[in-house]
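Below is one structure, written out as structure tokens; the observations come after it.
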């Protein structure tokens with residue numbers, strides 16, 4: 001044995017000043033060297049941690065780029081410092097326990113396992129930093145970057161586990177990789193949902209089906225709100241009642257759902273609602289009633305022109321107007337539809353460049369549906385509801401001016417009034 005001065009300094013001192021045997025002197029020498037090595041590694045750990053937390057933080061705060069701030073946030077430098085400490089410790093191991101091969105193998109095995117784990121953690125923190133940075137860019141902020149990061153991490157951990165098993169068993173890595181092929185069917189079964197989610201996330205991104213921030217509705221899963229996250233396994237939707245609904249990513253391509261992005265990117269939000277008009281309130285417009293209707297500003301010109309055309313037609317064809325049904329006539333329902341058209345076209349909140357229509361639907365047992373179809377300029381939900389309510393408030397208030405009635409089911413009060421009018 002030709003002891004090295006650095007490693008065997010305690011061995012020489014023990015042999016010189018004590019009567020210990022060679023074996024016990026070597027054991028105490030290794031133990032004391034281990035304590036010193038751990039102490040030095042601890043000091044290195046503290047120094048690196050101080051560097052990572054203090055100096056790097058200050059540099060990140062002063063720099064103009066946002067990427068280094070994200071590196072600090074995801075503890076990249078701290079993970080790197082841990083990795084450096086274990087690499088230094090690994091370098092000491094072969095020298096410290098050169099006389100105890102079995103113990104050296106165990107310690108070396110444990111350190112190498114930690115090296116693999118800390119290496120993965122370091123890569124993970126870097127990937128999270130890249131993910132966070134890409135989300136700050138307009139090009140990538142609505143893309144499912146989380147899904148791709150998760151896939152990389154799954155493969156990274158899978159490779160890391162294989163390497164750890166190779167370290168523990170002492171068998172070459174290539175044997176584990178060959179054996180992995182025989183386990184592919186089992187792995188496909190285990191990671192079936194992960195694979196489906198990965199394929200789905202690629203299709204979602206490639207076909208631009210859903211973006212982060214889109215408003216989607218998926219009644220099957222009770223989802224009605226904004227997409228806040230798209231990852232490998234699921235899509236998170238914050239509903240308008242502030243609850244969170246989680247939908248498997250694969251179902252975005254296998255099931256149907258409604259994406260309101262088209263509405264958000266268009267010039268307006270659709271208003272499509274009907275009021276029910278009593279059929280027995282629809283009549284021809286009498287001359288007296290026509291005079292009153294001509295005082296309504298929005299349709300005065302229309303009624304003047306229309307009544308002249310009708311009178312000219314009836315006169316040319318010798319129509320007997322002593323019976324109102326003869327010839328051509330205006331109806332209060334037709335005039336009311338025209339009034340609503342003019343009102344919508346004059347409303348400041350209605351988009352004039354999109355469809356504006358008032359249409360009569362098929363009669364039902366509740367009356368004649370009169371549907372208003374248009375688009376509000378403002379697409380914000382609260383403002384949209386206010387605009388729609390404002391339009392229908394006016395329309396409902398205008399109905400009596402045209403001698404029309406809105407249908408509604410009778411209440412107990414209405415029935416009592418009828419009963420009171422009956423002869424006793």
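Output the peptides 287-296, 343-352 sorted from most to least packed, where packing is the average of other Cβ atoms within 10 Å over each peptide's residues.
By packing density, highest mean first, the sequence is 343-352, 287-296.
Give the calculated FRET efficiency between residue 47 and residue 90 to the nearest 0.05, with a Förster radius of 25 Å applied to their Cβ-Cβ distance.
0.85
Multiplying the sequence separation of residue 380 and residue 108 by 0.36 nm and subtracting their Cα-Cα distance, what value in nm do you get?
Result for the pair: 91.6 nm of gain on full extension.
Contour minus end-to-end for residue 254 and residue 36, with contour as 0.36 nm per residue of separation and end-to-end as the Cα-Cα distance?
72.3 nm
Please give the contour-minus-distance gain from residue 296 to residue 408: 0.36 nm per residue of separation, less the Cα-Cα distance, rounded to one decimal in nm.
Taking residue 296 through residue 408 to full extension adds about 37.7 nm, to one decimal.
Using alpha carbons only, how many angstrom separate the centre of segment 223-288 from the centre of segment 370-385?
12
Rank by packing, highest mean first: peptides 332-342, 152-162, 81-91, with packing defined as the count of other Cβ atoms within 10 Å averaged across residues.
332-342, 81-91, 152-162
Find the percent of Cα-Cα distances in segment 206-265 that exceed 14 Å, and round it to a whole number.
49
Since every read-out is calculated from the coordinates, none of them should be taken as a lab result. Everything numeric here is computed off the predicted structure, so don't read it as measured data. Because the Cβ atoms are built from the backbone with ideal geometry, glycine has one as well, and the counts that use them run over all protein chains shown.
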